[in-house]
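Data block below; observations after.
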Amino acid sequence: MRTALLMSLGLGLVFALTASVRAEEEKGKEVKLEGILVCGKCALKETDDCSNVLQVTKDDKTTNYYFKDDGKKEDYHKMICTAGKKGKAVKVSGTLTEKDGKKWLTDAKVEFK
């Protein structure tokens, strides 16, 4: 009986810690990144509609950061989504979260280099 009680308390603690970590992931953290801003539809062929994606390359590995914004309605999208363009070098600050294995940026502030 005592062992079952201790196991229940231990499992409760594990679930509480897991929920705390997930809440922290959803909250996100402020980041500053540099990379190439491209269109998720036109350049990457990954989204159904025009969207903004920051590509950051480090140690020969490229990571995509998808923007949670108004996509093609954003002023900066017009500068990256034109025929023949491969994107533009930018500095971006925003709130980083992860969902379904993808990295997402909200409240992105874009500064062209």
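For the range 62-113, filtering for residues that are crowded, with 17+ Cβ neighbours inside 10 Å, farther than 11 Å from Leu33 by Cα and aromatic (Phe, Trp, Tyr) leaves 4. Would you mind stating whether Asp75 is modelled with pLDDT under 95, over 16 Å from the mean Cα position of the chain (by Cα) and among the acidic types (Asp, Glu)? When the stated conditions are applied, Asp75 passes them.
Residue count for the range 26-67 under the criterion of being among the aliphatic types (A, V, I, L, M), in a strand (DSSP E or B) and touching a residue at least 24 places away in the same chain (Cβ under 8 Å): the result is 6.
The values are calculated or read from the model by the stated rules, or taken from the named source; none is laboratory data. Note that the coordinates shown come from a computational prediction; the quantities given were computed from them, not determined experimentally. Cβ atoms come from the backbone with ideal geometry, glycine included; neighbour counts cover every protein chain shown.
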